[in-house]
Amino acid sequence: MTVKEIFDTMDYGPAPESAQEALDWLKDRGGLAGHYINGQWGPLRDDFASNNPATGEKLAGVTKGTAKEVDKAVAAARKAQPKWAKDGAARARVLYAIARLMQKNARLLAVMESLDNGKPIRESRDIDVPLAIRHFYHHAGFAQLMEDEMPNAEPLGVCGQIIPWNFPLLMLAWKIAPALAMGNTVVLKPAEYTSLSAMVFCEICTAAGVPPGVVNIVTGDGETGAALVNSDVDKIAFTGSTAVGRIIREQTAGSGKALSLELGGKSPYIVFDDADIDSAVEGLVDAIWFNQGQVCCAGSRLLVQEGIAERFYTKLKARMDGLRIGDPLDKSIDIGAIVDPIQLAQITQMVEANTAGETYQCGQPEGCFYPPTLITGLAPADTLMQEEIFGPVLVSCTFRTPAEAVEIANNTRYGLAASVWTENINLALDIAPKLVSGIVWVNSTNLMDAAAGFGGVRESGFGREGGWEGLLGYTKPRGKSEKIKAPVAFTSEDGTPADPLDRTAKLYIGGKQARPDGGYSKPVFNKSGKLLGHASLANRKDVRNAVEANAAAKGWSKSTGHLRAQILYYMGENLSARAEEFTRRIDTMTNGKTGTAEVEDAIQWLFTWAAWADKHDGAAKGVPIRGVALAMNEPVGNIGILTDDTRPLMSLIEPLAPALAMGNRVTAVASEVFPLAATDFYQVLETSDVPAGVANILTGSHAELAPHMAAHNNLDAVWSFSTTDLAHEIEAKSTGNLKRTWVNNGQSRAWPSAIWRAQSTEIKTIWIPYGE
Ligand code: NAI
């Protein structure tokens, strides 16, 4: 017998990990899982079962939390929060203790996770648990450094956190570690299929000396989750399906609760013809067969360059044939069980409904398992190329040129992650910025770390988790806000006096002054009732035209910070040249004497943002792999802004300058009460080389225009500083493309530059090989 023959005939022997310790652990606790509130267990009830998906056996009975129980947990968290927030070094010690105890209990955690979720023990032991521990270590450090490095930040308060079943412990760590580090307390709800590793975690919290009320776990299903969303929390951090993300966005609209959404994806995995094919095939095993493909950032859409497609598919199929599916507790298993028969049915149904392309499947054992599947020859718009399957199903099409690869990759409503495989560094780094996604892996896939931001754009949600950028989602700048005092527009006692000249200020769209679609306008008076002019009343169509002009001006978002800086300086200079005229205008409109100061503020602010335009740098994160994670700042895109009414000029310049400096295109609605300084500003834009469509200015009713902006699918964010509280309207209507919103809830405050910059940018995390 040759060595080759021996290798060919050799099979794996079973290498099972014992489930006994974990099963005993559950038995010792009466076979029940439930709430951990204020450092105490209970109530524990057998409301529904948590099963082992690999065998169908019941592991434990789980409590379905009621709204009352959720409120009790939130009250405990509320009470514990002020003391917890006081001492960063003390928090660091507790987080460190959690990390150490997780290390000590690592095997129990891994086995419990594999029993409850069905994932291979190899993954829970080598990835989920170590990465969860890494989150507590890393965030212990953030707690320690908070006072020094973030002197102006304070915690949000109580954070409600809702997590899915695909990474039960890792998602828990991912949510709890940063929240606690920043001085928040939490109420977390695990997913209904997978509550058990959270139970082990609660015991670790007690042992680590987590003060009662700082960590609360409430078990249950979607109804329990909904109760948490509607409870008295300051933030909801959600990871799960886009459908539920939308519901939560609607339910929290106008509540003032902070929100982060980490939702689904259909991430492209792009293989160029010069890629190291064997590595790219091996990468796919991690991209789509890791955790049975139940991964939000799974590389589920394979795009292969035409010339190598056949060779690539042949190698891939051979690799698929070698994958071992079966008992998750067997250490030599590659693919475990699907989390639940419901999820299995959903995957099966989606694949069966597909008639396009060619399907290749491996064998599978009986039970809640789904075979590794490859479907080739699809068109980019086919259902399975667009819809998230959330199972071990890889769909594929080919492309010819890099430009086509980018086009197909971006042809999705999601924007979570992307992988690029090529041996040509120029090509990889040319493609990375063109991909619309929160994460790009170069010659790698599914890499995650506590130091690197994770999160998406488009319908993959908003907000980042991990790294310094993730902490922004668990803090707010110190300082108080005030209720806005709305100024009242002056009127004329004699009705609208006749004006021989038509002094109607038009709208400013696409670099030109444009008549409003409806043709209506409203008069603007000074205090003594003298007519100063008319302001146009924009409508939905004007919003549409303005956003179209924004979209056409996309070159601005690719321009250099150096160019944008020059243009912002130029705006400041041109405003300065017209300072007297603007001062007069402001004083006449407001009947005040603040014009000089306001114009000076506006010039200063333009200069400040000219300065920032080429200085808001990204970062290179040290991550514990052979690589580096770059945090690159990108513009958000098209931003709709409803400006405040109080200061005629600054209300426009204050949001406009940072948004433009960071490379966004803006459609702003001017002060409703004092619109004419903003309309005078058209001339400054015209003379300052601001490209057409980069800054559009509308006048009209904020309440009327806000819902159109919120619902517009080509606006990537809407900000409202309006004196009319439009928070509910905007947030509830933003669910179409799940745009980012930044609303004032009727309050005003001065925001530090870090917040303007964060609101004006998306951080893209690019993982590149680096070092030895
Ligand atoms: P899901 O989004 O319904 O569940 C995630 C979490 O949200 C669970 O803890 C659940 O109890 C909770 N939840 C459900 N409805 C809620 C509501 N109205 N208010 C507050 N919380 C609520 O996800 P599900 O049903 O488990 O999976 C369905 C599909 O979602 C999957 O097939 C997959 O496509 C996708 N999914 C995506 C995930 C991701 O990480 N992107 C994670 C899990 C599921």
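Check segment 270-287 and report whether any residue there is under 22 Å from PRO164 (Cα atoms) and assigned to a loop (DSSP other than H, G, I, E, B). No, segment 270-287 has no match at all. The lone criterion from (1) part of a helix (DSSP H, G or I); (2) under 21 Å from MET662 (Cβ atoms) left unmet by HIS616 is number (1).
THR355 falls short on exactly one of the conditions (1) away from the ligand (no atom under 16 Å from the Cβ); (2) in contact (Cβ under 8 Å) with a residue 12 or more places away in the chain, and that condition is (2). The residue that is nearest to GLU358 (Cα to Cα), among those in segment 291-317 that are crowded, with 23+ Cβ neighbours inside 10 Å and of a type in the set (Gly, Ala, Ser), is SER300. For segment 274-290, a residue qualifies if it is surrounded by 18 or more Cβ atoms within 10 Å (Cβ to Cβ) and over 28 Å from the mean Cα position of the chain (by Cα), and the qualifying residues are ALA275, VAL281. Among the residues making up segment 346-373, those that are aliphatic (A, V, I, L, M) and under 29 Å from the mean Cα position of the chain (by Cα) are ILE347, MET350, VAL351. Residues that are on the phi > 0 side of the Ramachandran plot and exposed (fewer than 13 other Cβ atoms within 10 Å of the Cβ) within segment 2-33 comprise just one, GLY30.
The residue of segment 221-249 that is surrounded by the fewest Cβ atoms within 10 Å (Cβ to Cβ), among those that are assigned to a loop (DSSP other than H, G, I, E, B), of a type outside the set (Asp, Glu) and near the ligand (Cβ under 7 Å from one of its atoms), is SER241. Determine if segment 464-484 includes at least one residue that is in a loop (DSSP other than H, G, I, E, B) and within 16 Å of the ligand (Cβ to nearest atom). There is at least one residue in segment 464-484 that is in a loop (DSSP other than H, G, I, E, B) and within 16 Å of the ligand (Cβ to nearest atom). Just one of SER260, SER300 is farther than 30 Å from GLN747 by Cα, of a type outside the set (Asp, Glu) and in contact (Cβ under 8 Å) with a residue 24 or more places away in the chain; which is it? Sole residue among the options that is farther than 30 Å from GLN747 by Cα, of a type outside the set (Asp, Glu) and in contact (Cβ under 8 Å) with a residue 24 or more places away in the chain: SER300. Hey, among the residues in segment 273-305 that are farther than 20 Å from GLU423 by Cα and either among the β-branched types (Val, Ile, Thr) or outside the structural domain of ALA428 (by the TED database) (or both), which one's nearest to the ligand (Cβ to nearest atom)? Restricting to residues being farther than 20 Å from GLU423 by Cα and either among the β-branched types (Val, Ile, Thr) or outside the structural domain of ALA428 (by the TED database) (or both), the top hit is VAL295.
For ALA208, indicate whether it is in the same structural domain as LEU108 (by the TED database), over 24 Å from THR66 (Cα atoms) and not basic (Lys, Arg).
The answer is yes for ALA208.
For segment 671-692, a residue qualifies if it is farther than 29 Å from THR560 by Cβ and not charged (D, E, K, R), and the qualifying residues are SER671, VAL673, PHE674, PRO675, LEU676, ALA677, THR679. Taking segment 64-121 as the region of interest, the helices (runs of 4 or more DSSP H) fully inside it that hold 1 or more residues being closer than 30 Å to ALA19 by Cα and of a type outside the set (Val, Ile, Thr) are 88-104, 106-117. Counting the residues of segment 503-530 that are more than 27 Å from LYS593 (Cα to Cα), in a strand (DSSP E or B) and without any contact (Cβ under 8 Å) to a residue 40 or more places away in the chain gives 2. Of all residue pairs spaced 6 or more apart or on separate chains, those with beta-carbon atoms under 9 Å, a first member in segment 754-771 that is at positive phi and a second member that is of a type in the set (Val, Ile, Thr) are GLY771/VAL628. Within segment 671-696, restricting attention to residues that are more than 17 Å from LEU606 (Cα to Cα) and of a type in the set (A, V, I, L, M), the residue that is nearest to the chain's Cα centre (by Cα) is ALA692. Inside segment 275-301, residues that are closer than 18 Å to LEU427 by Cβ and of a type in the set (A, V, I, L, M, F, W, C) make up a count of 3. Within this structure, ALA208 passes the test of being more than 16 Å from the ligand (Cβ to nearest atom), in contact (Cβ under 8 Å) with a residue 60 or more places away in the chain and surrounded by fewer than 24 Cβ atoms within 10 Å (Cβ to Cβ). Of the helices (runs of 4 or more DSSP H) contained entirely in segment 380-440, those carrying at least 2 residues that are within 16 Å of the ligand (Cβ to nearest atom) fall at 383-386.
One residue is enough: does segment 451-466 have a residue meeting the conditions under 29 Å from SER651 (Cα atoms), touching a residue at least 24 places away in the same chain (Cβ under 8 Å) and among the charged types (D, E, K, R)? Within segment 451-466, one or more residues are under 29 Å from SER651 (Cα atoms), touching a residue at least 24 places away in the same chain (Cβ under 8 Å) and among the charged types (D, E, K, R). Can you report the number of residues in segment 380-414 which are in contact (Cβ under 8 Å) with a residue 24 or more places away in the chain and among the acidic types (Asp, Glu)? Count: 3. Quick check on VAL218: is it within 16 Å of ALA75 (Cβ to Cβ), within 12 Å of the ligand (Cβ to nearest atom), at pLDDT 95 or above and crowded, with 24+ Cβ neighbours inside 10 Å? So VAL218 passes the test. Surrounded by fewer than 24 Cβ atoms within 10 Å (Cβ to Cβ) and either more than 8 Å from the ligand (Cβ to nearest atom) or on the phi > 0 side of the Ramachandran plot (or both) - does that describe any residue in segment 190-198? No, because not a single residue in segment 190-198 is surrounded by fewer than 24 Cβ atoms within 10 Å (Cβ to Cβ) and either more than 8 Å from the ligand (Cβ to nearest atom) or on the phi > 0 side of the Ramachandran plot (or both). In summary, LYS257 fulfils each of the numbered conditions (1) near the ligand (Cβ under 10 Å from one of its atoms); (2) under 19 Å from the mean Cα position of the chain (by Cα) with the single exception of condition (1). Could you say which residue among GLY256, GLY299 is over 25 Å from PRO380 (Cβ atoms) and outside any helix (DSSP H, G or I)? Sole residue among the options that is over 25 Å from PRO380 (Cβ atoms) and outside any helix (DSSP H, G or I): GLY256.
Only residues that are within 25 Å of ASP330 (Cβ to Cβ), buried (at least 17 other Cβ atoms within 10 Å of the Cβ) and not hydroxyl-bearing (Ser, Thr, Tyr) were counted across segment 34-64, and they come to 6. In segment 341-370, which residues are touching a Gly at 6+ places or on another chain (Cβ under 7 Å) and among the β-branched types (Val, Ile, Thr)? Answer for segment 341-370, where residues must be touching a Gly at 6+ places or on another chain (Cβ under 7 Å) and among the β-branched types (Val, Ile, Thr): just ILE347.
The values are calculated or read from the model by the stated rules, or taken from the named source; none is laboratory data. Given the structure is predicted, the values throughout are model-derived calculations rather than measurements. Neighbour counts run over all protein chains shown; Cβ positions are idealised from the backbone, glycine included.
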